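As structure tokens, the structure follows; a few thoughts come after it.
The values are calculated or read from the model by the stated rules, or taken from the named source; none is laboratory data. Because the structure is a prediction, the values reported are computed rather than measured. Please note: Cβ atoms are built from the backbone with ideal geometry, for glycine as well, and neighbour counts cover all protein chains shown. To get the accessible areas, we keep the full protein, side chains included, count just its heavy atoms, and leave off ligands, DNA and RNA. Shrake-Rupley method; radii C 1.70, N 1.55, O 1.52, S 1.80 Å.
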Amino acid sequence: MSAHESKPLPPIDLSVPPADDIVRVTFLPENKSVEFPFGSLPYEGHGEPMSFLDVAENYDIFLDHACGGVCACTTCHLWIKSGENGISEPEDKELDRMETAADIQLNSRLGCQAIIEKPGAYVVEIPKWNRNYVQEGKPVSGAPARDYGNISE
């Protein structure tokens, strides 16, 4: 469990660029933004270190990853809206996996593989069709809680 999970996200003035050594990531459509000093994010095995999945998991922002972040599915598919120059180039394993993704675009990446390589501002969008209500026990932000009761066979 991340140290960031129990704390609400502090407000960030998006009209001001981040400081020189700061990473700012905004996740759309939830408009959740986080900031942290480059290189300070603890790694807990969520995709590649400093990947968008790693950032999301550290700050309790839901980004589906059915395979556990090992580049074996496309549930963490997202679109890079800005900041692409500070992100790693995709490796062959990611490119091969992306061939199976729905609605692939020029700015498509897997959140578990796209690594933030330098400080700056990044905006990513989780496609609407890629947002599950419940996966791994985590509800999507704003989704109503579901009670399926006691299911027996």
Filtered residues of the range 42-52 (kept if over 20 Å from PRO17 (Cα atoms) and not in a loop (DSSP other than H, G, I, E, B)) | SER51
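Going by what's in this entry, would LYS128 be described as open to solvent by 60 Å² or more (accessible area, probe 1.4 Å), of a type in the set (D, E, K, R) and at pLDDT below 90?
Judged against the criteria, LYS128 is a match.
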Kindly indicate the residue of the range 85-124 that is open to solvent by 50 Å² or more (accessible area, probe 1.4 Å) and of a type in the set (Val, Ile, Thr) and also nearest to VAL25 (Cα to Cα) among those meeting that condition.
-> ILE104
The range 53-84 - residue that is part of a helix (DSSP H, G or I) and closer than 23 Å to SER15 by Cβ and, of those, least open to solvent (accessible area, probe 1.4 Å) = VAL55
Filtering the range 13-41 down to residues that are open to solvent by less than 40 Å² (accessible area, probe 1.4 Å) and in a loop (DSSP other than H, G, I, E, B), which residue is nearest to TYR59 (Cα to Cα)?
-> LEU41
Please name all residue pairs, on different chains or six or more residues apart, with Cβ atoms under 9 Å, provided the first residue is in the range 39-52 and is at pLDDT 90 or above and the second residue is among the acidic types (Asp, Glu) and open to solvent by 60 Å² or more (accessible area, probe 1.4 Å).
-> GLY39/ASP21; MET50/GLU117
